[in-house]
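What follows is one structure encoded as structure tokens, with my remarks underneath.
Every number in this text was worked out from the coordinates using simple rules, so none of it is lab data. Being a predicted model, the structure only gives us computed values, none of them experimental. Ideal geometry is used to build each Cβ from the backbone, glycine not excepted, and the neighbour counts take in all protein chains shown.
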Amino acid sequence: MAGIGFELRKLLDRQSLWGLVRAYVYAGVISSGPWVLSIVGVMGIGLLSVGRVPDLEVRQFLVTVTYLMAASLIGTGGLQLMFTRFIADCAYRHEEPRILPNLMGALTVTAVGAGALAVPLVFLLAGSLAVRLLTVTALVVLSASWIAVVLLSSLRDYRGVVGSFLVGYAISVAGALSLRPLGTAGLLGGFLAGQIVLLLAMVSLVARRFPTDRLVAFDFLDRRRAYVSLALTGLLYNLGIWIDKLIFWFTPSTSEVVLGPLRASVIYDIPIFLAYLSIVPGMAVFLVRVETTFAVEYEAFFAAVRQGQPLAEIRRRRDRLTLAVKQGISEIFKVQGITVLVLLLAAPRLLEAVGISRLYLQLFSVDLAGVAMQVLMLAVFNVLFYLDERRATLALSATFCALNAALTIATQHAGPPFYGYGFALSTAITSLAGLLVASRKLDRLETDTFMRAR
Amino acid sequence: MSAADGLPRLEAGQSADVGLLLEGTYPFVSGGVSAWVHELIAGFPELSFGVCFLGATPEMYGGLKYRLPDNVVHVEVHHLMAGEGWARLPRRRARRGTPRAGTFEGLHEAMRTRSAPAPAVVDALAALDEPGGLSLHDFLHDDATFEALCEEYDARHAGESFLDFFWTARTMHLPLFKLAAIARALPRFRIVHAVSTGYAGALGALVRRRTDARFVLTEHGIYTKERAIDLAHAGWIQGSALRRLWIQFFEALGRMAYDAADPIVSLYEGNRLRQIADGAPPQRTRIIANGIDLERFAAGRREPSQGPPPVAGLIGRVVPIKDIKTFVRAMQEVVAVMPEAQGWIVGPEDEDARYAEECRALVRTLGLGDAVRFLGYRPAEQVLPKLGVAVLTSISEALPLFVLEAFAAGVPVVSSDVGCCRELIEGRPDEEGDPAGSAGAVTGIAAPEETARAILRLLRDGEAWSQARRIGRVRVHGLYGRERMLDGYREVYGTALKEAHGGHRLRAS
């Protein structure tokens, strides 16, 4: 579906400020919508329950959902990336009938995997049986949802994703609020109901777009189509994103027990989840750039090769592609940089407005820089995925994961003023390293296109 | 020694007298050259022969087309254009410190300057993919190769399709890696005998450079000329610049063979002069005409009193070089005058299936379904007695055996003016024992009307027919018998074997 890039280009081609604003707002909504909706939705449930439900139970709900997010994202990280590649290849080869049965296959694999994990968890977790059963069920549903999300995203159906999230989280919030009297279990139950609707909505979108007569297929695990390195990359990338949080949660001096084995780090968690809301502008720029200039220049380069253009033209196309990457990266840098500056200046009043202690200001500021770098890192990874640099992305995600773990532990030893620097530094270093790799790869793009042809 | 495929193989350390280097012919493709090779092997039962067959891709060839004589002790089969071994090459890092750039520069220089590749160039080619030489991996994946390619492109091909240039360069150089490997693994032969230039001749030059084997070269047609005709028909080569590159490449391989071979044998004077023009040293050239087994064809000869059967036959592979379509068009004119006349096309159609289908389509279009028949391969001695006139419409030939066989079987020949066909039909007045007079008719190339007129004259004029077949028979007996040809090669092999035994002991030890 070329739709999204086409729509964005149409808006941009109007050459008016209004068109430009609409393009970026649109891109912001579709690129960050799910992200913002889930943070706002879950926090909203929490805020609206304060006073109606005992504080501890609200916290138990929030921490449980956070763990569910972390576990499902890390657990499916490998499959997400592998499946994204599989779907992209299917679309490229016009093998659309394969899509739905393989989604069913991937969901089956995910459900079986998450389910196998869920059985022992029922016994390991704390809380009432209802809470524990709801938790493990949500783990299965959330894990499956991520697979559906990456499928729709790699088919560029961002609007379908955002729409499903809107409906799903509306039901989650409404459900949780109406079941408030039941405490933690009620909040979880309502949340789960919305998540189930979200999953079904996305699957039905796929089913409607790609009807097929096969029920289930596992082609995405086929040796000839599957890329093990991508699975490892996805796992390490997602683990890298969460590892600093995990370290803070499980270090006794920075965390506390919330519900049995589930611990939370109040000091670390609140600033970073707030900071994540700031990435909307950067994500919007990223999407616009990837979907318009970069995608067009990328296609044009390979078209020039395939159509037998002269070498000079191929090199000119390579230069234009390089320029598109440079411009995209610098634009993300600028836009997100301005966003961070504005938020830094406004931070004291902002924290006051949401009723958060000024003690968090320092960490919030560092986290703003950290998540800005994470957007950059995402953009760089995306360029490298386009260039099919699987070995480089694997090395980079491993570097990121290791750096984030090591530097986070180091900052814990250095003391509270240094909290957050581990995350910010590791994203910054990884982005920089990724940029160097991408630049080198772009420099030798025509060489590799011909001499590494598979 | 027998391998799994049933072909005889020499084991390591064993050797044979003559190693025949054959490109796309014996024993897997039937035709004039293959028949000649078969005769040659059978003519020297006292020598042991090895056959090194060089083909393009495996699916182009079927099984053996000849029963191998007992003195063939070794057959090895290679396919130079087959992709196996390249696609799945491990992407290991290149060996550092190997001389990379420049390996092919000498060859390219020779291509441009129309000179023979220097000995150092041949050495570099022989060392391909060997420690110290350019590795196949480096050629396929190393940056230096790409840079050299880009330099060449920018210098001489800027503006052309780079994709086509790149694949042309790859396709052109890759077989050289295989040739080098074949040369290294080849059993020891006292003589290597290439029966064309091109890849076979280049292989001979590599073997000559690496071992103490003597190198004999025989050319039936002129390889570079035939490749040029093939290339003109090849749809996969885009643009004349790349076609010219291919021709230069084959010419350079040809000069490499001429530079290393002694003697350089051709079938007749015209081709000898052409070889000299293409770079063969005149003092090493010599002519040994084809010869055939006269007895084989004398048996079925018709009585002259019966007159000519109304059949014009073309014996040859159904490929563009034989210009079958001109024969079909000529038959249209013949049938218009002589409705009972028949045209037979006798030869295998599997080599260029598309061309064969085009020919059949032409027959249908011209409404000749009853008059023109495709008979497939048939032994010449069975077909010839049934022909009134033998026809050859080729655009390139050397000394076609088919003409000699027709003479021996008492069939006049109408042939296009290619190779030494005029010499065969109209005679060589300077040669002793040659009867004056025409054994048929010589026509222009791609001249259906002229061909038709000549066919009609011979089929309808009994007097002219009898006269022509008598002259043909006398001429073939006088000049083109098999013994005469074998005597020539007896001398060539004898000299080479003596040299292989004598002067080169030092190199062998």
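Helix B:162-185 axis versus longest C-alpha principal axis of chain B: approximately 90°, rounded to the nearest ten.
With both labels modelled 7 Å from their Cα along Cα-to-Cβ, the residue B:12 to residue B:340 distance reads 7.0 nm.
Of the residues B:108, B:193, the one with the fewest other Cβ atoms within 10 Å heads the list, and the complete ranking is B:108, B:193. For chain B, the square roots of the Cα gyration tensor eigenvalues, ordered a ≥ b ≥ c, give a/c of at least 1.5 with a/b greater than b/c, which places it in the prolate category.
3J(HN,Hα) couplings calculated from phi for segment A:303-310 with the Karplus curve 6.51 cos²θ - 1.76 cosθ + 1.60 (θ = phi - 60°) are, in sequence order, 5, 4, 5, 5, 7, x, 6, x Hz; Gly and Pro show x. As a ratio to 2.2 N^0.38 Å, the alpha-carbon radius of gyration computed for the protein assembly as shown takes the value 1.34. Between residue B:77 and residue B:244, the contour length at 0.36 nm per residue exceeds the alpha carbon distance by 57.2 nm.
Where in segment A:254-270 is the amide nitrogen less than 16 Å from a point lying 7 Å along the Cα-to-Cβ axis of residue A:357? Of the residues in segment A:254-270, A:254-257, A:264-270 have backbone N under 16 Å from the label point off residue A:357.
For chain A, just say rounded, prolate or oblate: build the C-alpha gyration tensor, square-root its eigenvalues into a ≥ b ≥ c, call rounded for a/c under 1.5, and beyond that prolate if a/b exceeds b/c, oblate if not. Taking the square roots of the gyration eigenvalues as a ≥ b ≥ c, chain A is prolate. In straight-distance terms, cross-link reach from residue A:441 covers every one of the lysines whose alpha-carbon lies under 26 Å from its own, apart from those fewer than eight places away in the same chain; here that gives A:326, A:334. Each residue in A:76, A:108, A:66 was given a count of other beta-carbon atoms within 10 angstrom of its own, and listing them fewest first yields A:108, A:66, A:76. Computed across segment A:273-446, the Kirkwood radius stands at 17.5 Å (inverse of mean 1/r, all Cα pairs). Placing a label point 7 Å from the Cα of residue A:214 along the Cα-to-Cβ line, the residues of segment A:101-127 whose backbone N sits under 18 Å from it are A:101-110.
Normalised by the number of residues in segment B:118-235, the average gap of Cα pairs under 8 Å and 6 or more apart makes the relative contact order 24 percent.
At q = 0.16, 0.29, 0.30 Å⁻¹ the log10 of I(q)/I(0) for segment B:385-424 amounts to -0.33, -1.00, -1.05, computed by Debye summation with a single uniform scatterer per C-alpha, solvent ignored.
Among B:219, B:423, B:130, sorting on how many other beta-carbon atoms sit within 10 Å of each Cβ, with the fewest leading, yields B:130, B:423, B:219.
If R0 equals 35 Å, the separation of the Cβ atoms of residue B:490 and residue B:375 corresponds to a calculated FRET efficiency of about 0.45.
Against chain A, whose longest principal axis is taken from its Cα atoms, helix A:3-13 shows a tilt of about 70°. A Förster radius of 35 Å combined with the Cβ-Cβ distance from residue A:224 to residue B:350 puts the calculated FRET efficiency at roughly 0.55. For chain A, the relative contact order is 19 percent, taking Cα pairs closer than 8 Å that sit 6 or more residues apart in sequence and dividing their mean separation by the residue count.
The residue list A:36, B:222, A:241 was ranked by how far each Cα lies along the charge dipole of the protein assembly as shown toward its positive end, using unit charges on Cβ atoms, and A:36 comes out on top. Rounded, prolate or oblate, given the Cα gyration tensor of segment B:446-496, with a/c below 1.5 counting as rounded? Oblate. Helix A:55-92 axis versus longest C-alpha principal axis of chain A: approximately 20°, rounded to the nearest ten.
Its relative contact order, with pairs defined as Cα atoms under 8 Å and 6+ residues apart, puts segment A:3-226 at 29 percent.
For residue B:114 and residue A:330, a Förster radius of 56 Å and the Cβ-Cβ distance give a FRET efficiency of 0.55, rounded to the nearest 0.05. Within segment B:1-84, the trypsin sites (Lys or Arg not before Pro) that combine a DSSP coil assignment with at most 12 other C-beta atoms in a 10 angstrom radius are B:67.
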